[in-house]
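The values are calculated or read from the model by the stated rules, or taken from the named source; none is laboratory data. All of these numbers come straight from a predicted model, not from anything done at the bench. Cβ sites come from the backbone with ideal geometry, for glycine too, and all protein chains shown count toward neighbours.
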Amino acid sequence: MTAAPATKGWCPTLLSPMQSGDGWLARVKPSAGVLSSAVARLIAGAARRYGNGHIDLTSRGNLQIRGLTPRSAEDFAETIIGAGLASADPSLEAVRNVMASPLGPDDPTAPFDSHAVARDIEAMLAGEPALWALPPKFCILVDGGGALPLRDLTADIMVRAHEGALAVHLDGGIRAALCAPSSLAGTVKALALAFLRLSAQRSETPRRMRALVMAVGEEAIFAEAGLAAVHAAAQSKSQAGNSIGLISLQHQPLSGFGVGLPFGRVEADALTRLANLAERYGDGSLRTTPWRAPLLTGITAADADRLADEVSALGLIADPTDPRLTIFACVGAPSCASATVDARGDAARLAAAIGVTRDQTLHVSGCGKSCAHRGSASLTLVGRDGRYDLIRNGSAIGRPSLTGLSIDQIEALLLSAKGPRP
Ligand code: SF4
């Protein structure tokens with residue numbers, strides 16, 4: 001195991017955990033985002049035994065286990081690898097970054113099985129050591145469309161359906177290589193190898209596909225990969241369907257059920273109980289999602305209300321109108337060493353004070369890295385030196401309208417803007 005330093009572009013993995021304010025953290029990357037209930041219980045048990053039991057779901061659908069020690073991180077990794085959930089090779093594990101639409105083969109409206117394609121790509125990565133030199137943040141997205149599309153997400157290489165074929169896009173480009181499912185993994189491999197070769201020729205090595213597209217143009221990358229590319233339809237920015245509560249599937253007796261996690265976190269005990277619910281009400285399968293909302297599958301509409309009550313009793317979210325879904329906050333201080341503010345505690349305080357509604361979004365970020373939310377929000381607060389910069393209707397990289405505010409000042413400001421309570 002390597003405990004890598006927190007250098008730019010580096011990401012913690014199972015075998016390279018990262019030191020944070022509450023111990024070491026390691027990531028588990030479920031293949032195609034699928035967890036059986038037994039595996040979910042195993043991860044929860046290991047998080048409790050070796051860490052502090054806090055589990056965060058990342059925007060790439062990975063599970064982040066916190067509060068490990070250097071020694072217990074090794075035991076945790078051994079458990080996860082022993083269960084077949086990760087590679088024992090640190091280089092492969094670092095680049096095994098493949099996201100897929102959560103419903104996969106369970107969605108009859110999806111034009112292809114995103115899980116099968118994602119597994120083909122993972123197998124290709126495992127068999128091609130040259131690709132283990134990809135930057136650790138390099139990510140491949142498989143958008144199966146259907147009921148829960150990933151249209152509003154981007155990644156270095158993106159696979160989407162296009163007029164009866166699969167289209168392989170590059171981040172920052174407008175063209176795509178078209179292929180059949182049987183040649184998809186080979187197409188992704190050619191483009192990833194082209195990325196490495198062309199990046200190596202630059203004096204300043206691009207670390208992401210978007211940067212290489214800007215530097216050399218996407219035509220050069222497709223040409224280097226030996227692929228013809230066509231203009232593909234512009235990426236829709238429409239929102240994915242609702243991912244919380246019952247998700248009915250066309251003409252299917254069984255549905256999905258999305259469970260919101262307040263601030264993207266689930267405690268180990270709650271994950272164990274959620275796995276039990278997946279068995280009792282569904283087909284015993286859980287899916288991670290980029291919306292930080294695990295999905296249960298095989299649910300009947302008749303069970304939806306009882307399941308919602310049980311989910312709510314765990315402190316998790318079963319109602320798509322729950323205002324907590326519009327609040328984003330990273331762990332902040334003291335859990336994250338980069339933070340000087342208690343982002344989650346302050347977010348909860350502000351949400352309670354101003355009564356956040358579904359029409360407003362609140363993002364409280366412990367620092368400018370903006371781990372919890374990349375997009376814009378009605379109100380974004382970015383921690384700096386124990387105080388906050390405030391950005392309205394923008395993201396954490398936006399221009400602040402006020403700087404250096406204490407949480408008391410922000411609360412007073414928001415309350416005065418809201419007017420007297422009835
Ligand atoms: S945004 Fe900053 S403070 Fe928050 S978790 Fe990320 S690195 Fe830590």
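Do the conditions hold for ARG387, that is, is it within 15 Å of the ligand (Cβ to nearest atom), basic (Lys, Arg), within 30 Å of GLN19 (Cα to Cα) and modelled with pLDDT of 95 or more?
Spelling it out, ARG387 is indeed within 15 Å of the ligand (Cβ to nearest atom), basic (Lys, Arg), within 30 Å of GLN19 (Cα to Cα) and modelled with pLDDT of 95 or more.
Cβ-Cβ under 6 Å, sequence separation 6+ or interchain: first residue in the stretch 330-353 and assigned by TED's automatic domain parsing to the domain that holds ILE407 and without any contact (Cβ under 8 Å) to a residue 40 or more places away in the chain, partner near the ligand (Cβ under 8 Å from one of its atoms) and of a type outside the set (D, E, K, R). Which pairs?
The qualifying pairs are SER338/CYS367; ASP342/GLY332; ASP342/ALA333.
Scan the stretch 312-347 for residues that are more than 10 Å from the ligand (Cβ to nearest atom), touching a strand residue (DSSP E or B) at 6+ places or on another chain (Cβ under 8 Å), in a helix (DSSP H, G or I) and not aliphatic (A, V, I, L, M) and jot them down.
Across the stretch 312-347, the qualifying residues are ARG324, THR326, ASP346.
Can you tell which of PHE257, PHE328 is under 19 Å from the mean Cα position of the chain (by Cα), of a type in the set (A, V, I, L, M, F, W, C) and modelled with pLDDT of 95 or more?
PHE257
Hey, could you check the stretch 185-212 for residues that are out of contact with any Phe, Trp or Tyr (no Cβ under 9 Å at 6 or more places or on another chain) and in contact (Cβ under 8 Å) with a residue 60 or more places away in the chain and say which is surrounded by the most Cβ atoms within 10 Å (Cβ to Cβ)?
By that ranking, first place goes to VAL188.
Can you tell me which of GLY53, GLY61, GLY33 is more than 18 Å from the chain's Cα centre (by Cα), at positive phi and not basic (Lys, Arg)?
Testing whether each residue is more than 18 Å from the chain's Cα centre (by Cα), at positive phi and not basic (Lys, Arg) leaves just GLY53.
Of all the residues that make up the stretch 274-304, how many are on the phi > 0 side of the Ramachandran plot and basic (Lys, Arg)?
1
Enumerate the pairs (first residue in the stretch 360-377 and at positive phi; second residue anywhere and near the ligand (Cβ under 6 Å from one of its atoms)) with beta-carbon separation below 9 Å, excluding pairs fewer than 6 apart on the same chain, so at least 6 apart or on different chains.
Listed by first residue and then by second, the contacts come to SER370/CYS330.
If you scan the stretch 14-32, which residues turn out to be at pLDDT 95 or above, assigned to a loop (DSSP other than H, G, I, E, B) and either in contact with a Leu (Cβ under 7 Å, 6 or more places away or on another chain) or acidic (Asp, Glu) (or both)?
Matches in the stretch 14-32: PRO17, PRO30.
Of everything in the stretch 230-248 that's farther than 18 Å from TRP291 by Cα and assigned to a strand (DSSP E or B), which residue is modelled with the lowest pLDDT?
HIS231
Table: residues versus (1) closer than 23 Å to PRO136 by Cα; (2) assigned by TED's automatic domain parsing to the domain that holds THR289; (3) of a type in the set (Ser, Thr, Tyr); (4) surrounded by fewer than 22 Cβ atoms within 10 Å (Cβ to Cβ).
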position: ALA32; (1), (2), (3), (4): yes, no, no, no
position: ALA38; (1), (2), (3), (4): no, no, no, yes
position: ALA46; (1), (2), (3), (4): no, no, no, no
position: GLY51; (1), (2), (3), (4): no, no, no, no
position: ILE81; (1), (2), (3), (4): yes, no, no, yes
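Taking the conditions exactly as written (surrounded by fewer than 19 Cβ atoms within 10 Å (Cβ to Cβ) and closer than 18 Å to SER243 by Cβ), does ASP89 satisfy them or not?
no
For residues in the stretch 348-366 being within 24 Å of SER416 (Cα to Cα) and among the small types (Gly, Ala, Ser), which is farthest from the ligand (Cβ to nearest atom)?
So, considering only residues that are within 24 Å of SER416 (Cα to Cα) and among the small types (Gly, Ala, Ser), the one farthest from the ligand (Cβ to nearest atom) is GLY355.
Hey, can you tell me all the residues within the stretch 367-383 that are within 8 Å of the ligand (Cβ to nearest atom) and surrounded by fewer than 19 Cβ atoms within 10 Å (Cβ to Cβ)?
Within the stretch 367-383, GLY368, LYS369, SER370 meet the criteria.
Taking the stated definitions as given, is ALA46 at positive phi, at pLDDT 95 or above and outside any loop (DSSP other than H, G, I, E, B)?
Spelling it out, it is not the case that ALA46 is at positive phi, at pLDDT 95 or above and outside any loop (DSSP other than H, G, I, E, B).
Inspect the stretch 398-409 for any residue being surrounded by fewer than 20 Cβ atoms within 10 Å (Cβ to Cβ), within 14 Å of the ligand (Cβ to nearest atom) and within 27 Å of the chain's Cα centre (by Cα) and give the result as yes or no.
Looking through the stretch 398-409, none of the residues is surrounded by fewer than 20 Cβ atoms within 10 Å (Cβ to Cβ), within 14 Å of the ligand (Cβ to nearest atom) and within 27 Å of the chain's Cα centre (by Cα).
Tally time: how many residues in the stretch 25-79 are out of contact with any Lys or Arg (no Cβ under 6 Å at 6 or more places or on another chain) and under 22 Å from PRO334 (Cα atoms)?
20
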